[in-house]
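Take a look at the structure set out below.
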Amino acid sequence: MDRVVMPTQNPAERIHNFKEVALGFTPSLALEEASRCLGCKNPPCMAGCPVGVKIPTFISQVKAGDMDGAYRTITIDNNLPAICGRVCPQEHQCENLCVRKVKLGGSVAIGALERYVADWALDNGVMPEKRDSNRFKVAVVGSGPAGLTCASDLAKAGVNVTIFEALHEVGGVLVYGIPEFRLPKELVKKEIAKLASLGVKIETNVVVGKTIFVHELLDEFDAVFIGTGAGLPMFLGVKGENLSGVYSANEYLTRVNLMKAYEESSSTPILKGKSVVVVGAGNVAMDASRTARRLGAEVTLVYRRSRAEMPAREEEILHAEEEGIKFNLLTNPVEILGEGGKVSGMRLVKMALGEPDASGRRRPVVVEGSEHEIKCDQVIVALGTSPNPIIKNSFKDLAFSPKGTILADEDGKTNVDRLYAGGDAITGAATLILAMGAGKKSASSILNQLQSAEK
Amino acid sequence: MEKFQILSKTDLCPRVKEYVVYAPMVARHAKAGQFVILRTDENGERVPFTICDYSRENCTVSIMVQEVGATTMRLASMKVGECLKDFVGPLGNPTDLSQFDSILLVGGGIGSAVIYPQAKQLKAENKNFEIILGARNKDLFFYLDEFKSLAPTHIVTDDGSIGTKGLVTDKINELIGEGKRFDVIFAVGPLPMMKFVAKLATNLGIKSIVSMNSLMVDGTGMCGCCRVTVDGKVKYACIDGPEFDGSLVDYDEAITRSSTYREIEQTHVCNIRG
Ligand SMILES: Cc1cc2nc3c(=O)[nH]c(=O)nc-3n(C[C@H](O)[C@H](O)[C@H](O)COP(=O)(O)OP(=O)(O)OC[C@H]3O[C@@H](n4cnc5c(N)ncnc54)[C@H](O)[C@@H]3O)c2cc1C
Ligand code: FES
């Protein structure tokens, strides 16, 4: 029995719209896929899930038609399943360890089933349960997956939570980074409505470290969680990088996603390139490429390693290829060329893979005499991000690594009493599920600390 | 009063208005040299404006806005009592002139509004300073009496309709020629003006500080839209600035970057004006 393939919007059509690409399982497809799960006694898949979702249990509930039960099972460990089902790198996590992977028709589509259950719950208005006790006050800084998860767990335990978010909308990367066609913003809104129903207060337009300081929050609240992410974009450091027409992926995606620059009604401008080069090969690079494609461009992706090393989710790479994104692999930019201050092309070199480096991947080395030029009118740089220095510069008591990430232990504890941190702010740019896991751990250690202080 | 409510709106000169906005959290920590980012409405873009004045008691922040594009015109059409959709700040680093004893403040165009809080602060600190204000003609000045009450104020216009005819750089040369000495020139205004003031300052062996009014989106270091080259390195105006050593800024690059959306902006404005 082969893995059931999720229906998708046809590529020729979808490159002209921002609607969701992957359409989700129908009830019959879901049932068919759920019945492929062997219900292993010692399920290997669970070891691959950073938050330990009870995968065979929820799948057996889907099989039995107990959707409510399946949803409750998932949400014990995962507060944002509709989102994780769509954007987790399942092929490197749970699905990588599924016993069906190699010889039995492919791994069970765990992510797709998780999404199916979560979408059912959102459509049916299933709301989380809340315990009313309101004994403690906790501030959560940043409203990405780490902050949202921490806030939700604390609120469910009866804590008074206030989220402080710098931007005008809640969701972090979920609203400014990941595009509509991969993660509909309606869905993020519904998840956030659940938080509000738990009594979580949300203060947007507050930059902690500017509008209000961490020490003030520590005075006012019993504990503080920092989940400010790793938003600061890195650039190539080559000549021509500040020409007009060179964007960081964050700027490009923020203009399009958060500010809706693709809609006529939006006042936020975006340059629509005809021939766009995207540098990088992670999820962010795929999102930027596919967004540029939808805004009408021919898109070439430039990456210095080979296809096997591309860090993006497999599904995103496939979808990008289907949409006609050209992959220019083993190639690296050395200069962005300009005319009258605007991008006109790029000078590149060919690379070859040498000995493995610290990351275990083979190190790309420049091929002598391989310099060449291509024409383009826009460049989007997606090389990764690091934490912004606002908290660091405004709160000297807190310990940071040389890379600018906050130092925190397994439980999210920092060197400052009652101050916790998690997500990309402590790991550097990573994944949604790791950020959620960190938010969860911190919520439980915050509860422990507050409850034991009370005794 | 509601969050981000416009409490007053005053015409300062043609196409320039001062808005006083109710924003308790912004007013609480605001300092001279910092800025806010606002959105007028749900479909609005995020645009930065320098904080021109603030009152911690009244919980208000003042900004001065020249009507140059779609957003600033939309703002001009808003009435007293209406609320802005978003208003976040104070962003960027406050001005720090504490290491200097004698200071020359130079403001060009709407930039003169921006040096008003610095002038107030220097006066409060009992610092030795003078002010040069420059603009195209006499209609473009405001706060003149206030400036004059704070320090010796020199006025320059392109057409000589008020003050001396000429450029702010001419006035700087004149003051230096009279034997006046300054430790630093603090210049805010259009990019070409800051470029020439900084160049002159370097030639005169005086340190200069300029305030970069880059295009921005988030204002928290997340997008890199505001990047400027300073001393050959990439800096973010929103978190490393907005003020930089005037002798080290790549102005020509900043000028082309600032015109990135000029064409698009022009069509937007035409649509509004009909
Ligand atoms: C385009 C893109 C695509 C991605 N695709 C995937 C994917 O497919 N799968 C996957 O697993 N991961 C993906 N990731 C990574 C994933 O989104 C992040 O790892 C995750 O969002 C980190 O969550 P976080 O809560 O730590 O931080 P963030 O989501 O970055 O949220 C941090 C929030 O804090 C706010 N903030 C920052 N500073 C302050 C301050 N001083 N005061 C107040 N608020 C502040 C920010 O505005 C932001 O809203 C992607 C990332 C990007 C950018
Ligand atoms: S405005 Fe986005 S980084 Fe400065």
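The values are calculated or read from the model by the stated rules, or taken from the named source; none is laboratory data. Quick caveat, the model's predicted, so the values are computed rather than measured. For neighbour counting, all protein chains shown are included, and Cβ atoms are generated from backbone atoms with ideal geometry for every residue, glycine included.
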Restricting attention to segment A:238-275, the residues that are within 8 Å of chain B (Cβ to nearest Cβ), within 30 Å of A:I406 (Cα to Cα) and away from ligand 2 (no atom under 14 Å from the Cβ) number exactly 1
Of the residues in segment A:363-391, those that are away from every other protein chain (no Cβ under 13 Å) and not hydroxyl-bearing (S, T, Y) number 13
Scanning segment B:63-90 for residues that are surrounded by 22 or more Cβ atoms within 10 Å (Cβ to Cβ) and either of a type in the set (S, T, N, Q) or in a strand (DSSP E or B) (or both) gives B:I63, B:M64, B:V65, B:T71, B:F87, B:V88, B:G89, B:P90
In the set B:D86, B:D96, B:D41, the lone residue that is in contact with a His (Cβ under 6 Å, 6 or more places away or on another chain) and within 14 Å of chain A (Cβ to nearest Cβ) is B:D86
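Restricting attention to segment B:228-239, and to residues there that are touching a residue at least 24 places away in the same chain (Cβ under 8 Å) and under 15 Å from B:L91 (Cα atoms), which single residue is farthest from the other protein chains (Cβ to nearest Cβ)?
By that ranking, first place goes to B:A237.
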Restricting segment A:248-279 to residues that are surrounded by 21 or more Cβ atoms within 10 Å (Cβ to Cβ) and within 16 Å of B:R74 (Cβ to Cβ), the one modelled with the highest pLDDT turns out to be A:M259
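If you check A:I178, A:I212, which single one turns out to be of a type in the set (A, V, I, L, M) and over 30 Å from A:V277 (Cα atoms)?
Working: A:I178 fails: over 30 Å from A:V277 (Cα atoms).
Being of a type in the set (A, V, I, L, M) and over 30 Å from A:V277 (Cα atoms) holds for just one of A:I178, A:I212, which is A:I212.
For segment A:280-326, give me each residue that is of a type outside the set (A, V, I, L, M) and surrounded by fewer than 18 Cβ atoms within 10 Å (Cβ to Cβ).
The answer is A:G296, A:E298, A:S306, A:R307, A:E309, A:E314, A:E321, A:E322, A:G324, A:K326.
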Picked from segment A:393-428 (must be surrounded by fewer than 17 Cβ atoms within 10 Å (Cβ to Cβ) and basic (K, R)), the residue farthest from A:V173 (Cα to Cα) is A:K396
Pairing a residue in segment A:318-334 that is at positive phi with any residue that is modelled with pLDDT of 95 or more, where Cβ atoms lie under 6 Å and the two sit 6 or more apart in sequence or on different chains, gives A:L330/A:M351
Within segment B:210-227, of all residues that are more than 9 Å from chain A (Cβ to nearest Cβ) and without any contact (Cβ under 8 Å) to a residue 40 or more places away in the chain, the one farthest from A:V175 (Cα to Cα) is B:V210
Restricting segment A:203-227 to residues that are within 9 Å of ligand 1 (Cβ to nearest atom) and either small (G, A, S) or not assigned by TED's automatic domain parsing to the domain that holds A:G437 (or both), the one farthest from A:G144 (Cα to Cα) turns out to be A:G209
A:F213 fails exactly one of (1) surrounded by fewer than 17 Cβ atoms within 10 Å (Cβ to Cβ); (2) more than 9 Å from chain B (Cβ to nearest Cβ), namely (2)
Is there a residue in segment B:22-33 that is surrounded by 22 or more Cβ atoms within 10 Å (Cβ to Cβ) and within 14 Å of the chain's Cα centre (by Cα)? yes
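Hey, among B:D250, B:D240, which residue is surrounded by fewer than 22 Cβ atoms within 10 Å (Cβ to Cβ), more than 10 Å from ligand 2 (Cβ to nearest atom) and modelled with pLDDT of 95 or more? Can you show your working first?
Values: B:D240 fails: more than 10 Å from ligand 2 (Cβ to nearest atom).
The match here is B:D250.
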Flagged in segment A:259-279 as over 23 Å from the mean Cα position of the chain (by Cα) and not hydrophobic (A, V, I, L, M, F, W, C), in numbering order, are A:E263, A:E264, A:S265, A:S266, A:S267, A:T268, A:P269, A:K272, A:G273, A:K274, A:S275
A:A358 passes all but one of the listed conditions (1) of a type in the set (A, V, I, L, M, F, W, C); (2) surrounded by 14 or more Cβ atoms within 10 Å (Cβ to Cβ); (3) more than 16 Å from ligand 2 (Cβ to nearest atom); the exception is number (2)
Screening A:A425, A:A438 for residues that are within 14 Å of another protein chain (Cβ to nearest Cβ), within 14 Å of ligand 1 (Cβ to nearest atom), in contact (Cβ under 8 Å) with a residue 12 or more places away in the chain and of a type in the set (A, V, I, L, M) leaves only A:A425
Residue set A:E216, A:E220; condition touching a residue at least 24 places away in the same chain (Cβ under 8 Å) and closer than 26 Å to B:P24 by Cβ; output residue A:E220
Checked segment B:213-228 for anything more than 8 Å from ligand 2 (Cβ to nearest atom) and at pLDDT 95 or above; matches are B:V228
